[in-house]
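Reading through the structure tokens given below for one structure.
Every number in this text was worked out from the coordinates using simple rules, so none of it is lab data. Predicted model only: the values in this text are computed from it and were never measured. We place every Cβ from the backbone using ideal geometry, glycine too, and count neighbours over all the protein chains shown.
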Amino acid sequence: MGLLCSRHQHSNKPDPENAQVQAAEIERRIERETIAEKHIQKLLLLGAGESGKSTIFKQIKLLFQMGFDEAELKTYTPVVHANVYQTIKLLIDASKEFALSETDSSKYSLSIHNKEIGDKLLEIGGRLDYPCLTKELSEDIEKLWKDPAIQETHARASELQLPDCANFFMEHLKRLSDVNYIPTKEDVLYARVRTTGVVEIQFSPVGENKKSGEVYRLFDVGGQRNERRKWIHLFEGVTAVIFCAAISDYDQMLYEDENKNRMLETKELFEWVLKQRCFERTSIMLFLNKFDIFEKKVHNVPLNTCEWFKDYQPVSSGKQEIEHAYEFVKKKFEELYYQCTAPDRVDRVFKIYRTTALDQKLVKKTFKLLDETLRRRNLVEAGLL
Ligand SMILES: Nc1nc2c(ncn2[C@@H]2O[C@H](COP(=O)(O)OP(=O)(O)OP(=O)(O)O)[C@@H](O)[C@H]2O)c(=O)[nH]1
Ligand SMILES: [Mg+2]
């Protein structure tokens, strides 16, 4: 449509014949664009805040588009540095709170020298504009990160609103503070920015030797509660909803509401999405995401900590337990799907994928499967299969 808008008139004299030709040309273009649009399949990333939607979105850009050039990578430097300052401030604040409220308060008290550094970092972390991460500042942050009181506080991360990228960035402070630092692809995937509004990208998944031919338009939205009112405007004509559920969140509370368990919020949100009339013929692709965090967590935090998983019975330790726990969660989502999907009213595809959005190979494989499923579905709908 941009082309149509950029047409200029060169004469002030009305020329009816020319105007008619132009009008016909405009008609034809609109028609061509409408036909082209019909072939583009709309995919909608939905899910609660921090479930990994934007990370999937970034992976699509890396996998099926040109990725990030140097200028774009550099735009992530302030984001990465902000994540570092936010992390350390959150940990210092929490250690102070624990030192006041817990009986074993000494466990959470910083050493005298680190207290001073802590005050300086709290001041920086409270600013609206963060400074660039210098070598000196990163050394200060590293000292605090290694302080036993901060490590004790970090052990209780699920009680805090600590971003998932905290560990990764804290372990790379030296590199992040280099004067010539340019964020890597991995840094970009780890970088946490809350999405506000809607962003979209058009892509075609690449097959083994050639393009698959399908063109998708993927929409990413903000998942936090105040962002969800914007979703509804995107619900028409959706081929598939990719619903991201962070399965490692079962012992965490919402960022927007510290009294609400994140998994229960996801359950209610998934129910709501499934019951939308607009989605009666929309394929539902459920990504059980953050499996990497989940597989580490299940050994330390019982799944039945979460109200929804109260009836979970662990079987053993080790790999077997991870699979058992994962299958249990998957079954819960499956049951929920069938409860919210009346068979006589709904005609749609439902698939569940185990994902770790940071794992590029896995995301690529998942999208290949998703593409295959949607193409098969199209053939069935066209009566060709
Ligand atoms: N370890 C791990 N981290 C992940 C995974 N998926 C996402 N993350 C991290 O989790 C954080 C939040 O991910 P986002 O993709 O920003 O979440 P979102 O769903 O877009 O969040 P909103 O924009 O608030 O709705 C980021 O720091 C990601 O790097 C995963 O599978 N494993
Ligand atoms: Mg996002």
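Roughly what % antiparallel, to the nearest 5, for the DSSP beta bridges in the chain? Bridges in the chain are about 25 percent antiparallel.
Ranked by the mean number of other Cβ atoms within 10 Å of their residues, highest first, the peptides 162-170, 111-119 come out as 162-170, 111-119.
Calculated mean residue ellipticity at 222 nm for the chain: -15000 deg cm²/dmol, from DSSP H runs with n ≥ 4 weighted as -39500 (n - 2.57), summed, divided by the residue count and rounded to 500. Please state the shape class of the chain: rounded when a/c is under 1.5, otherwise prolate if a/b exceeds b/c and oblate if not, all from the C-alpha gyration tensor. It is oblate, given that a/c is not under 1.5 and a/b is not larger than b/c. In loop segments of region 134-215 as defined by DSSP, the GluC sites (Glu not before Pro) with at most 10 further C-beta atoms inside 10 Å of their C-beta are Glu208. Taken over region 70-190, the percentage of Cα pairs per 10 Å bin, counting from 0 up to the bin with the maximum distance, is 13, 46, 30, 9, 1, 0.
Full extension of the segment from Asp104 to Glu70, taken as 0.36 nm per residue of separation minus the current Cα-Cα distance, would add 7.4 nm.
For the chain, hydrophobic long helices are taken as DSSP H runs at least 27 Å long by C-alpha position along their axis with mean Kyte-Doolittle hydropathy of -0.5 or more; these are 77-101. The mean sequence separation of alpha-carbon pairs under 8 Å and at least six residues apart, normalised by the residue count of the chain, gives a relative contact order of 21 percent. In angstrom, the C-alpha Rg and Dmax of region 238-337 are 14.2, 43. GNM on the chain, alpha-carbon springs under 10 angstrom: the most fluctuating residue among Gln161, Gln202, Gln339 is Gln339.
Going by a ≥ b ≥ c, the root eigenvalues of the Cα gyration tensor, does region 114-255 fall in the rounded group (a/c under 1.5), the prolate group (a/b larger than b/c) or the oblate group? Since a/c reaches 1.5 and a/b is larger than b/c, the shape of region 114-255 is classed as prolate.
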